[in-house]
Amino acid sequence: MRGNFEYYNPTKLIFGENSVNKLKDELANYGTNILLVYGGGSIKKTGLYDKVMNALNEANKKVTELPGVMPNPTLEKLYEGIQVARENKIEFILAVGGGSVIDYCKGLAASINLKGEDPWKKYYLDMQEADCECVPIGSILTMVGTGSEMNGGSVITNTEQKLKIGKVFGAYNFPKFAILDPTLTYTVPRYQMVAGIFDIMSHIMEQYFSDNDDTASDYIMEGLMRGLISASRVAIKNPQDYDARSNIMWIATWALNTLVSKGKTEDWEVHMIGQAIGAVTNATHGMTLSAVSIPYYEYVMPFGLLKFKRFAEVVWGVESYRFNNDATLVAKEGLRCMSDWMKEIGLVMRISDLGVTPSNLDDVVNATFLLNGGYKKLNKDELLDILKRAM
Ligand code: NZQ
Ligand code: ZN
């Protein structure tokens, strides 16, 4: 394990069918004025909204609603939320939705008591920590993938500047609790479900493909990836398979709650490219990752060859003797298996299918942050080359 580290995660997980019934008890720990934040209305169609409102009423809360948080939440929407929260003297934020809603609530939580500073500049451009009191957040997760339910990630899109930036807040701004009922994810549209599955896979790969030493975190990640691949194959055939959906939900949470990054450096370049594509096209997050992953990993594979060989053998069951133990051939076979699986579950494999065109390729390059934690730091020409291969 590299370096010295501390691990602290304060989010309480309440997992399983009907776990929403525990909401009322959790609410008892917080103030009266609640901001209920949700997305475009799926929670009303599924009946979850009524259950949440009943719990809030039974707990004698005064509720202000903030609906309409869009996928890839915008800075404009954040400013709106700050005003609503201040006007209503909000003491607790209840986020009901997917990563977009929960991410948004973290940005909000850190901005309500912020005086005289702009949250976009302070948190997203300058990456500062919050030095004002953050309003506590609780979450009910309805769409699985981001891990936002148990981390400090908050990704906001500035449509004017064409930038989509993720701020990672410290444990002081993690959700206090996360209610995880796998059955709430049954209604997620198939496109979103598979995008979420690949988001999870990508989170794990971003942390797996770095370093060459022997690290317990890598063994944990191999187990998570194998579990995810297996469950995904069941879930695409039967989205209402409880075992599959509950495994996917649990794996998503552990993939990005900072546990598996411990003792490692991390890559995150695929996410930087994906966020740039998101900023330019507003495409679904998980699909922006799937569409660049194969060209990206093919490109960096020679620089981390032995890890890619191990990935092929352990995660995809590639038998090295069939390739005369040739590391390059084994590693390539691993990526081929991954590509087959991605097509099997219905992921987008080309950025041109997401709205990237030759005329906005430069915008994507300019919006991409180039990082140093993976096997190869890209320069802009290499990035452009990878993007062209992904078209
Ligand atoms: O808005 P509603 O009507 O609720 O519909 C949503 C939305 O259209 C729908 N949905 C969610 N739950 C549903 C449902 N539809 C039917 N039944 C349900 N139970 O799904 C759509 C997508 O939701 P969204 O929250 O946008 O998806 P996701 O969870 O993938 O979140 C994506 C955002 O999270 C950021 C992404 O960049 C993106 O902005 N990320 C956050 C991270 C973090 N906090 O650590 C890390 C990730 O890498 C990611 O960047
Ligand atoms: Zn992601």
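Sort through 294, 273 and tell me the only one that's within 16 Å of ligand 1 (Cβ to nearest atom) and either touching a residue at least 12 places away in the same chain (Cβ under 8 Å) or open to solvent by 40 Å² or more (accessible area, probe 1.4 Å) (or both).
Exactly one of 294, 273 is within 16 Å of ligand 1 (Cβ to nearest atom) and either touching a residue at least 12 places away in the same chain (Cβ under 8 Å) or open to solvent by 40 Å² or more (accessible area, probe 1.4 Å) (or both), namely 273.
Which of the strands (runs of 3 or more DSSP E) found entirely inside segment 114-194 contain at least 3 residues meeting this: touching a helix residue (DSSP H, G or I) at 6+ places or on another chain (Cβ under 7 Å), buried (at least 22 other Cβ atoms within 10 Å of the Cβ) and modelled with pLDDT under 95?
Passing ranges: none, list empty.
For residue 218, are the conditions met, namely being more than 13 Å from ligand 2 (Cβ to nearest atom), buried (at least 17 other Cβ atoms within 10 Å of the Cβ), in contact (Cβ under 8 Å) with a residue 40 or more places away in the chain and not small (Gly, Ala, Ser)?
yes
Would you mention how many residues in segment 146-157 are more than 13 Å from residue 71 (Cα to Cα) and within 12 Å of ligand 2 (Cβ to nearest atom)?
Total satisfying the criteria: 4.
Okay, residues lined up against (1) within 13 Å of ligand 1 (Cβ to nearest atom); (2) in the same structural domain as residue 232 (by TED's automatic domain parsing); (3) open to solvent by 10 Å² or more (accessible area, probe 1.4 Å):
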residue: 262; (1), (2), (3): no, yes, yes
residue: 289; (1), (2), (3): yes, yes, no
residue: 309; (1), (2), (3): no, yes, yes
residue: 315; (1), (2), (3): no, yes, yes
residue: 331; (1), (2), (3): no, yes, no
residue: 343; (1), (2), (3): no, yes, yes
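Answer with yes or no whether residue 247 is at pLDDT 95 or above, in contact with a Gly (Cβ under 9 Å, 6 or more places away or on another chain) and surrounded by fewer than 21 Cβ atoms within 10 Å (Cβ to Cβ).
Taking the combined requirement at face value, the residue satisfies it.
The values are calculated or read from the model by the stated rules, or taken from the named source; none is laboratory data. Keep in mind that what you see is a predicted model, and the values were worked out from it rather than measured. Backbone-built Cβ (ideal geometry, glycine too); neighbour counts: all protein chains shown. Side chains included, ligands, DNA and RNA excluded: accessible areas come from the protein's heavy atoms. Shrake-Rupley method; radii C 1.70, N 1.55, O 1.52, S 1.80 Å.
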